[in-house]
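Here's the structure we're looking at; comments come further down.
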Amino acid sequence: TVDVRGHWCTYHLFFVWQPSVNAVFFSCHFDIRVANRRHQEIYEFVGLANERMWIGHFDFLSDDATPIFSHTLSLHGLRGDTCELYEDLIDTAQTECERFYPALHLLLWGGKSVDEALSVSFMETAGEA
């Protein structure tokens, strides 16, 4: 386990090696707890966000009330894992979490609908302010 400071919050990273399938399960937990009354919206948010994902996916752990990014990295056919594999996995997770965190925040505390909140994650920007 390791904590990584992001722009929006601290992310809690977990790596679990599963030798029987020669794979590493990775999860990146947001530093957010979701109230029970908001679980249905989070499930919808996660489903729609996942439609746009290439690597990994978002989940919602209802028993912990925590949204997470996760991915299983198969090492089958490789001679072993490398630092670069883990660096890529962490970079991807942090990039996706940083992209979706503002949308999640707008959904939970900003009074926005799932669609309105997600639109923030895919908004194209031009220039810098």
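The values are calculated or read from the model by the stated rules, or taken from the named source; none is laboratory data. From a predicted model like this one, the values you see are computed outputs, not experimental measurements. With ideal geometry, Cβ positions are generated from the backbone for all residues, glycine too; neighbour counts draw on all protein chains shown. Areas reflect the complete protein model, heavy atoms only, side chains present, ligands, DNA and RNA absent. Shrake-Rupley method; radii C 1.70, N 1.55, O 1.52, S 1.80 Å.
Helix-only mean residue ellipticity at 222 nm, the chain, DSSP H runs n ≥ 4 weighted -39,500 (n - 2.57), per residue, nearest 500. What is it?
-12000 deg cm²/dmol
Quote the relative contact order of the chain in percent (integer), defining contacts as alpha-carbon pairs under 8 Å separated by 6+ residues.
22
Once Lys and Arg get +1 and Asp and Glu get -1 on their Cβ, which of Ala117, Leu48, Leu61 lies farthest toward the positive end of the dipole of the chain?
Ranked along the dipole, the leading option is Leu61.
Efficiency by 1/(1 + (r/R0)^6): what FRET value for Asp115 and Trp17, r their Cβ-Cβ distance, R0 = 30 Å, to the nearest 0.05?
So, using R0 = 30 Å, E works out to roughly 0.20.
Test of understanding: in a Gaussian network model of the chain with alpha carbons linked when under 10 Å, which of Asp63, Asp88, Asp115 would top the mean-square fluctuation ranking?
Asp63
Kindly identify the stretch 32-72 as rounded, prolate or oblate by the Cα gyration tensor criterion: order the square roots of the eigenvalues as a ≥ b ≥ c, call it rounded if a/c is under 1.5, otherwise compare a/b with b/c, prolate if a/b is larger, else oblate.
In terms of gyration-tensor shape, oblate.
What are the DSSP H helices in the chain that stretch 24 Å or more along their long axis, judged by alpha-carbon atoms, and whose average Kyte-Doolittle hydropathy comes to at least -1.0?
Qualifying helices, which must be both long enough and hydrophobic enough, are 83-109.
Report the equivalent ellipsoid semi-axes for the stretch 1-40 in whole Å, largest first, defined as the square roots of five times the eigenvalues of the gyration tensor built from alpha carbon atoms.
Result for the stretch 1-40: semi-axes of 26, 16, 6 Å.
Using the heavy atoms of the protein chains and a 1.4 angstrom probe, tell me the accessible area per residue for the stretch 1-90 in square angstrom.
It amounts to 63 Å² per residue over the stretch 1-90.
Enter the accessible area of Glu44 (Å², nearest 10), with the probe set to 1.4 Å and all protein chains included.
90
Kindly state, as a whole number, the per residue volume in cubic angstrom of the convex hull around the alpha carbon atoms of the chain.
It is 136 Å³ per residue.
Ignoring any ligand, DNA or RNA, what whole percent of the accessible area of the chain comes from carbon and sulfur when the probe is 1.4 angstrom?
52
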